[in-house]
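Note sheet for the following structure.
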């Protein structure tokens, strides 16, 4: 594992791919590699892209990546897809749409399945980000699955979060106001070549104005047409302006701390779930408790407390 980590840090894409596979599959020795990886990370700019299904996120990611390559940056892309109910792997729609990027050695793309994790992300995303960061990627773009109003975990890992919407969704404000409104660092109205773009942008700008206070950073609203490569340069400029804002205001270290906090919680969560459902002693105990719940001898809350008490001994 240590040799694999050293090769990944040296920029070996095969080693990077192998480590990512180990991360996705929860390899028991992965922590050895991650210890070696960690001291080489913390430098990449992380961009999160989320929004409803059909907003053109994958095409937008492709154009953003190409623009960063023109600016001399190495790019890592984590495209999170729904998990196949049969194989447990990712349904590789995003990877197919980004196929033209695969010929560029400065771009590394990995599609990953959610594997049952809510929030539009996948549990291995923290490890994958660290691996790509340590391997020398300057920019890491994380594209979530098409999300709803409450699936906003992308803010736990991204320095800059783009919320992508499109005209023609009916009441655009209603479609995004509950959760996605609060997490956007930049609103992107994609498919600007379709009717209704002006109304959609006006609605979002009005909504932003309602919550704006003097001294606050005002969330920009950008119009793009990823299919026609329109507005991409301006969008990347806006992303870089937000990066400068974080650096100049001293907020950037807080984003990294928040990311590490979320990673620690995820690691603990996975370890606890493994202990409860994979180790023989606890597995048998859970089965027994379920039987007692069925016969009304106990209830789910009491059963959970019993398991936790056993873990904390």
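The values are calculated or read from the model by the stated rules, or taken from the named source; none is laboratory data. Remember, predicted model here, so these are calculated numbers, not experimental data. Methodologically, a virtual Cβ is constructed for each residue, glycine included, from the backbone with ideal geometry; neighbour enumeration extends over all protein chains shown.
What is the number of the single condition among (1) assigned to a helix (DSSP H, G or I); (2) touching a helix residue (DSSP H, G or I) at 6+ places or on another chain (Cβ under 9 Å) that residue 234 does not meet?
(2)
Name the one entry in 235, 246, 289 that is more than 27 Å from residue 124 (Cβ to Cβ), under 25 Å from the mean Cα position of the chain (by Cα) and buried (at least 17 other Cβ atoms within 10 Å of the Cβ).
Matching residue, one of 235, 246, 289: 235.
What pairs can you find where one residue is in region 238-255 and over 25 Å from residue 224 (Cβ atoms), the other is in a loop (DSSP other than H, G, I, E, B), and their Cβ atoms are less than 8 Å apart, with a gap of 6+ or different chains?
252/159
What number goes with the only condition from (1) more than 30 Å from residue 10 (Cα to Cα); (2) out of contact with any helix residue (DSSP H, G or I) (no Cβ under 8 Å at 6 or more places or on another chain); (3) at pLDDT 85 or above that residue 178 does not pass?
Going through the list (1) more than 30 Å from residue 10 (Cα to Cα); (2) out of contact with any helix residue (DSSP H, G or I) (no Cβ under 8 Å at 6 or more places or on another chain); (3) at pLDDT 85 or above, residue 178 breaks only (3).
I'm trying to understand the selection: among the residues of region 5-22, which are out of contact with any strand residue (DSSP E or B) (no Cβ under 9 Å at 6 or more places or on another chain) and under 16 Å from residue 110 (Cβ atoms)?
8, 11, 12, 14, 15, 18, 19, 21, 22
Quick one: residue 7 ticks every box in (1) assigned to a helix (DSSP H, G or I); (2) within 14 Å of residue 128 (Cα to Cα); (3) at pLDDT 90 or above except a single one, so which number is it?
Among (1) assigned to a helix (DSSP H, G or I); (2) within 14 Å of residue 128 (Cα to Cα); (3) at pLDDT 90 or above, residue 7 violates only (2).
Tell me whether region 254-275 contains one or more residues that are more than 21 Å from the chain's Cα centre (by Cα), in a loop (DSSP other than H, G, I, E, B) and surrounded by fewer than 17 Cβ atoms within 10 Å (Cβ to Cβ).
Looking through region 254-275, none of the residues is more than 21 Å from the chain's Cα centre (by Cα), in a loop (DSSP other than H, G, I, E, B) and surrounded by fewer than 17 Cβ atoms within 10 Å (Cβ to Cβ).
Kindly indicate whether residue 214 is surrounded by 14 or more Cβ atoms within 10 Å (Cβ to Cβ) and at negative phi.
No; evaluated as a whole, the condition is false for this residue.
With respect to residue 168, determine if the residue is in a loop (DSSP other than H, G, I, E, B), surrounded by fewer than 18 Cβ atoms within 10 Å (Cβ to Cβ), modelled with pLDDT under 80 and over 21 Å from the mean Cα position of the chain (by Cα).
Yes.
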